[in-house]
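Notes for the one structure printed next.
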Amino acid sequence: MTLIVSRRGLIRAGAAGAGSLLLPGCDRLFDNSTFRETLESGENLHRVTQRVLGRNALAREYREADMSPAFRANGSREVTDPAYRQHLAQGFANWSLMLGGLVEHPLTLSLQTLRDLPQRRQITRHDCVEGWSAIGQWQGPRLGLLLDMARLRPQARYLVFHCADLYHGRPYYESIDMVDAFHPQTILAWAMNGKPLKEAHGAPLRLRVERQLGYKHAKFVARIEAVASLEGIHGGKGGYWEDNGAYAWYAGI
Ligand SMILES: Nc1nc2c(c(=O)[nH]1)N[C@H]1C(S)=C(S)[C@@H](COP(=O)(O)O)O[C@H]1N2
Ligand SMILES: [Mo]
């Protein structure tokens, strides 16, 4: 859903039907002149947009009966890296996720540890920018829990997900901000539809960031890095497709 807040204080929704979701609340808000003034000052626009329209709102969750009979695998479906192939052959028993960068306690977490932490399970719809969608069930610990364990330093503004694959010869990576990182549905999934992730879907661990399009959901996550800026990381635009000039860094739905 694309939402546009103009300097005149008009709120428009880019998706059909979204207007009806927003307008009752907005009418009330526009009766409030303080709110209107705040909205009209461009400086506060971004902050107000977030507060009113809610980046923390939940993505829709579905019932088991809604799950797609087939869930397409897209982008990299396999990883050529020899160390990865060895981990895959060993069922990822000696694999670990690294979480470092601007944190007080860098973490190295085995797959078993990730499975033993409190889990979240959710049935959501994956929307690929290429125009297909599929509903699947995902399970894993909340990313926010791991960030609390690692203790982010105050300068940390983004998380970068470094992946094990090369897509058309270049390393795949992605990044999100802290609003999405701490969103209750943002998880590091090790299971899909009740089974450990298959290679094609990003084994052993992939990001689910349910309020954004598919390309943000980094598969084959090997290392998570907390950074103050995205400059200096690969092409500097925060992701594989972003560096390619193909898609935007923020892909909210
Ligand atoms: N590491 C990595 N992650 C990736 C990709 C990729 O090529 N490599 N493709 C992205 C795209 S475009 C989509 S739509 C989803 C596809 O996830 P799926 O294979 O489970 O359907 O993964 C995303 N994450
Ligand atoms: Mo995609």
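So here's what we get for this one:
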item: Checklist (1) open to solvent by 80 Å² or more (accessible area, probe 1.4 Å); (2) in a loop (DSSP other than H, G, I, E, B); (3) more than 16 Å from ligand 1 (Cβ to nearest atom) applied to THR80, failing item; result: (3)
item: Members of segment 91-141 that are β-branched (Val, Ile, Thr) and either assigned to a strand (DSSP E or B) or in contact (Cβ under 8 Å) with a residue 60 or more places away in the chain (or both); result: VAL103, THR108, ILE123, THR124, VAL129, ILE135
item: Residue within segment 196-209 that is under 18 Å from GLU104 (Cα atoms), crowded, with 16+ Cβ neighbours inside 10 Å and of a type outside the set (Val, Ile, Thr) present; result: no
item: GLY169, sole failed condition from (1) at negative phi; (2) open to solvent by 10 Å² or more (accessible area, probe 1.4 Å); (3) not β-branched (Val, Ile, Thr); result: (1)
item: Meets criteria (at pLDDT 95 or above, polar (S, T, N, Q) and farther than 27 Å from ARG63 by Cα) for THR186; result: no
item: Those residues of segment 214-239 which are open to solvent by 30 Å² or more (accessible area, probe 1.4 Å) and more than 16 Å from TYR167 (Cβ to Cβ), in sequence order; result: ARG223, GLU225, ALA228, SER229, GLU231, GLY232
item: Search result, residues across segment 89-143 that are more than 19 Å from the chain's Cα centre (by Cα), under 14 Å from LEU188 (Cβ atoms) and open to solvent by less than 60 Å² (accessible area, probe 1.4 Å); result: PHE92, TRP95, SER96, LEU107, LEU109, SER110, LEU111, THR113, LEU117
item: Test: residue in segment 240-253 that is in contact with a Lys or Arg (Cβ under 9 Å, 6 or more places away or on another chain), within 13 Å of ligand 1 (Cβ to nearest atom) and within 14 Å of VAL160 (Cβ to Cβ); result: yes
item: Those residues of segment 163-175 which are over 18 Å from GLY140 (Cα atoms) and not hydroxyl-bearing (Ser, Thr, Tyr), in sequence order; result: ALA164, ASP165, LEU166, HIS168, GLY169, ARG170, PRO171, GLU174
item: Residues of segment 144-161 classified as open to solvent by 30 Å² or more (accessible area, probe 1.4 Å) and within 13 Å of the chain's Cα centre (by Cα), total; result: 1
item: Candidate set: segment 32-77, residues that are modelled with pLDDT under 95 and of a type in the set (Asp, Glu); chosen: the one most open to solvent (accessible area, probe 1.4 Å); result: GLU43
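The values are calculated or read from the model by the stated rules, or taken from the named source; none is laboratory data. Treat the numbers as computed from the prediction; the structure is a model and nothing was measured. A quick note on method: Cβ atoms are made from the backbone with ideal geometry, for glycine too, and the neighbour counts reach across all protein chains shown. Ligands, DNA and RNA are excluded from the accessible area calculation, which covers all protein heavy atoms including side chains. Shrake-Rupley method; radii C 1.70, N 1.55, O 1.52, S 1.80 Å.
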